[in-house]
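Just so you know, all these numbers are worked out from the coordinates, no wet-lab data involved. Worth saying up front: this structure is predicted, and the values here are computed from it rather than measured. Cβ sites come from the backbone with ideal geometry, for glycine too, and all protein chains shown count toward neighbours.
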Amino acid sequence: MDNIIFKIKDSVDIYVHEPNVLTIYYMNSRRRKTFRVNQCMIDLLECIDGESTTEDIITRLKTTLGLNEEEIQNTLKLLVEYRIITEKSSENILSDYDLQRYARQINYFSEFLRDEKCAQEAQKRLMESHIAILGCGAIGGNMAIQLVMSGVQQLTILDYDVVSASDIARHMYFDNYSIGMQKTELLKSKLEAIDSRVRIRTINKVFRPEDDLTEILHNIDFVINSLDEPYIGYTSSKISRFCVKHRIPHYIAGGFDAHLASTGELIIPYMSPCVECYASHFKTSLANWKPKKHPVIERSKEIGGLPSMSLFSSSFGVMEIIKYITRLVDLNKEYKVRGEWTFTDMNLQYLKVEKDPECLICGANNET
């Protein structure tokens, strides 16, 4: 560690309270740790300025405080372990432009990873991902915008529809001048305005049962399904079966019809429940349920909702996707199944869905 340059992490605030109590605030995760320390620890922290090497610090503290090298080295290792200090990166993985553009995001990533270099690697993985978004409605379009803002630079987007007046109340990138225009082309224009480097492949067509997903999803790293026509359950089943078989992680977006503020579900082939696991869960849990006849005969075919509910579902989904692609968390421990958010009490309840070991799609007998 002699030639390493350490600095206090950008996302960490340090406060010293009398008598010699040290409080560490991890600003990004809102965590706090408190330590009782001696003056030597405070002096050591003051030496970590982002310019001095460990050799410089050891020499200084040996001279002024009489500390031995082993004590200082062990303390530095402890500060790294607690993610209070980090090695100052000597070689950047990203360009100066991208470091500036995504500075806050990289700062946030570093809270969960070992050091700034790992955070840059996480950002690079995001920028190099090719993501397909099937359905450019309020959910799919909002997810596309947030992903490009986060750094994704290659997208395939599919939709057949044009903008109607009712779309303006739910889509973040439509206005009165958009009515009658192709959704994919409008979205492409919006994404290119966010980042001129983004590469967009548009597919302007209706998704049909006979469509060849091999052609649509060629060279795709991640798939988002937000197609609610002809029916979200059908499109999700077809897409998930294909993606599991080809080991493509995918996200079945929430925010549709009776699930207006559903989080949707991240599906990691052969690790998480797939769409068929969810179908089995509902078949069992709703076995004795029978719908009652609705008292109102003449009802609108459209399901009601708020733009903020669509934005909730899309934002939640994007955060889950970013966690997966950047490897910020261990999803074996932190994986979330679909959640349902309720408007009246602002409550989010997660379903109790587990991976079915006998599933005909993702079960152990089908893994190749």
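So here's what we get for this one:
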read-out: Linear extension gain, Asp56 paired with Met346, 0.36 nm per residue minus alpha-carbon span; value: 99.0 nm
read-out: Dipole in debye (nearest 20) - the chain, about Cα centre, beta carbon charges: Lys, Arg +1; Asp, Glu -1; value: 1160
read-out: Length released on extending from Ile42 to Ala364, taking residue separation times 0.36 nm less the Cα-Cα span; value: 110.5 nm
read-out: Dipole axis of the chain (+1 Lys, Arg; -1 Asp, Glu on Cβ), positive-most option in Leu186, Leu328, Leu99; value: Leu186
read-out: Segments 19-32, 324-337 sorted - mean Cβ within 10 Å per residue, highest first; value: 324-337, 19-32
read-out: Virtual spin-label span in nm between Thr23 and Arg201, 7 Å along Cα→Cβ; value: 5.3
read-out: Note, ³J(HN,Hα) from phi for the stretch 345-360, Karplus 6.51, -1.76, 1.60, rounded to Hz, x at Gly and Pro; value: 10, 6, 10, 10, 10, 8, 6, 9, 9, 10, 5, 8, x, 9, 4, 6
read-out: By average C-beta atoms within 10 angstrom, highest first, the peptides 310-317, 92-99, 198-205; value: 310-317, 198-205, 92-99
read-out: 5 angstrom amide H check on Thr156, placed H, neighbours 5+ away; value: Ile131, Ala132, Ile133, Arg201
read-out: Förster-model FRET efficiency, 30 Å R0, Asn176 and Leu331, C-beta, rounded to 0.05; value: 0.10
read-out: Net charge of Cβ neighbours under 12 Å - reference Glu320; Lys, Arg +1; Asp, Glu -1; value: +1
read-out: All lysines inside 19 Å of Lys62 as judged from Cα atoms, apart from same-chain residues fewer than 8 positions distant; value: Lys77
read-out: Relative packing of peptides 121-127, 260-266 - highest average C-beta neighbours within 10 Å first; value: 260-266, 121-127
read-out: For the stretch 60-67, 3J(HN,Hα) per residue [Karplus equation, 6.51 cos²θ - 1.76 cosθ + 1.60, θ = phi - 60°, Hz, x = Gly/Pro]; value: 5, 6, 5, 6, 7, 10, x, 7
read-out: Length released on extending from Thr63 to Lys283, taking residue separation times 0.36 nm less the Cα-Cα span; value: 71.9 nm
read-out: Distance (nanometres) between label positions extended 7 Å along Cα→Cβ at Ser95 and Arg125; value: 2.3
read-out: Point-to-point label distance, Ile4-Tyr231, nm (Cα→Cβ direction, 7 Å offset); value: 5.8
read-out: Estimated vicinal HN-Hα couplings, Hz - the stretch 133-148 in sequence order (Karplus 6.51, -1.76, 1.60; Gly, Pro = x); value: 10, 9, x, 10, x, 4, 7, x, x, 5, 5, 4, 4, 5, 5, 5
read-out: Structure-derived semi-axes √(5λ) of the Cα gyration tensor in Å - corresponding label in [x] 46, 25, 15; [y] 34, 23, 20; [z] 47, 24, 20; value: [z]
read-out: The chain - share of DSSP beta bridges that are antiparallel (%, nearest 5); value: 60
read-out: Cross-link reach list, lysines versus Lys293, counting only Cα pairs under 29 Å and skipping chain neighbours closer than eight places; value: Lys283, Lys301, Lys352
read-out: Separation of alpha-carbon centers, the stretch 1-42 and the stretch 194-260, rounded to whole Å; value: 46
